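Data block below; observations after.
None of the figures in this text is laboratory data; all of them are computed from the coordinates on show. Model, not experiment: these values are computed from the prediction. When we count neighbours, we look across all protein chains shown, and the Cβ atoms used for this are built from the backbone with ideal geometry, even at glycine.
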Amino acid sequence: MKKKQYVVVGLGRFGSSLSKELIKLGHEVLGIDRDEEVVNDMSDILTHAVVADATDEDVMKSLGIRNFDCAVIAIGDDIQASILTAIVVKELGVNQVVAKALSELHGKVLTKLGVDRVVYPERDMGIRVAHQLVTPNLLDYIEISKDYTIVELSVPKRLCGYSIQQLDPRAKFGCSVVAINKASGIIIAPTAGDIVNENDVMVIIGTNHQIDEFESQVIS
């Protein structure tokens with residue numbers, strides 16, 4: 001999996017859990033917060049952590065934000081700062097912008113500003129969002145134990161018409177397809193002869209490593 005650079009603005013509960021998970025997944029994270037104490041707590045965990053005002057375009061420009069693969073705006077309860085930060089990172093040309101919303105209305109404003117994805121922390125845990133950012137085809141992520149995870153992966157166009165036997169995730173990677181969600185309904189415990197089509201969703205169980213290998217070598 002290619003290492004990416006993320007900037008996370010706001011290191012509260014959601015921002016810090018997302019940042020830690022991105023680091024655990026092998027990526028680089030620049031954390032930004034106005035609170036010096038919060039930044040100090042995260043400085044040994046993240047690649048870099050700085051005290052800064054993310055609504056200041058000159059400050060963000062000096063931090064080289066335009067060079068990051070993705071910006072996550074995880075600001076706590078300051079809607080104005082969230083919106084202004086979204087404007088700044090979009091203006092600076094960050095490729096992907098994800099923002100935490102405090103309400104449906106806040107989310108609509110962020111969407112109109114061109115934010116690529118709006119998340120609601122009550123619904124989307126930081127750990128789950130981290131996995132979804134790293135894996136574009138990942139629709140959902142549930143950690144069922146320390147070792148095992150269930151994920152939903154959308155089937156790309158180029159795999160249309162492949163059978164489970166041809167993909168053979170169990171023999172090649174150790175993970176198993178336990179269901180296929182099709183427009184016509186869900187196939188539970190698919191057989192080797194079941195075919196996947198574009199926009200089908202495969203439900204897969206395995207270790208994080210097994211699923212990462214399958215996703216990077218087969219799905220991506």
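³J(HN,Hα) across the range 62-70 via Karplus (A = 6.51, B = -1.76, C = 1.60, θ = phi - 60°), whole Hz, x for Gly/Pro?
Listing the rounded values in order: 5, 7, x, 4, 4, 8, 7, 6, 8 Hz.
When only alpha-carbon atoms are used, what values of Rg and Dmax, in angstrom, describe the range 138-219?
Looking at the range 138-219, its Cα Rg and Dmax stand at 11.6, 34 Å.
How would you rank ASP116, ASP77, going from fewest to most other Cβ atoms within 10 Å of each one's own Cβ?
Lowest count first: ASP77, ASP116.
Using the Karplus curve 6.51 cos²θ - 1.76 cosθ + 1.60 with θ = phi - 60°, what ³J(HN,Hα) values do you get for each residue of the range 16-30, in whole Hz, with x for Gly and Pro?
With the stated coefficients, the range 16-30 comes to 6, 5, 5, 4, 4, 5, 4, 5, 4, 7, x, 10, 9, 9, 9 Hz.
Which percent of the Cα-Cα distances in the chain go past 33 Å?
Here the tail beyond 33 Å accounts for 24 percent of pairs.
For the residue pair SER176 and ILE87, what label-to-label distance in nm results when each label sits 7 Å from Cα along the Cα-to-beta-carbon direction?
5.4 nm
Which whole-number percent gives the relative contact order of the chain, counting Cα pairs below 8 Å spaced six or more residues apart?
Working: 432 pairs, mean separation 33.0, N = 220.
Computed over the chain, the figure is 15 percent.
Would you calculate a helix-derived [θ] at 222 nm for the chain, using -39,500 (n - 2.57) for each DSSP H run of n ≥ 4 and dividing by the full residue count, to the nearest 500?
Computed mean residue ellipticity for the chain: -9000 deg cm²/dmol.
Determine the dipole magnitude for the range 5-134: charges of +1 sit on the beta-carbon of Lys and Arg, -1 on that of Asp and Glu, nothing else is charged, the reference point is the Cα centre, and the result goes in debye to the nearest 20.
Value, rounded to 20: 580 debye.
When the chain is fully extended, how far beyond the present Cα-Cα distance does GLN5 get from VAL218, taking 0.36 nm per residue of separation?
Taking 0.36 nm per residue and subtracting the Cα distance, the gain is 74.4 nm.
Which Cα, out of LEU11, GLN96, ILE32, lies furthest along the positive dipole direction of the range 5-134 (beta carbon charges, K/R +1, D/E -1)?
Of the options given, the answer is GLN96.
Among VAL119, MET202, VAL72, which residue has its Cα furthest toward the positive end of the charge dipole of the chain, with +1 on Lys/Arg Cβ and -1 on Asp/Glu Cβ?
The Cα lying farthest towards the positive end belongs to MET202.
Taking H placed 1.01 Å from N in the peptide plane, check which residues at least 5 places from VAL29 or on another chain put their amide H under 5 Å from its amide H.
Close amide H contacts, sequence-distant or interchain: TYR6, THR47, HIS48.
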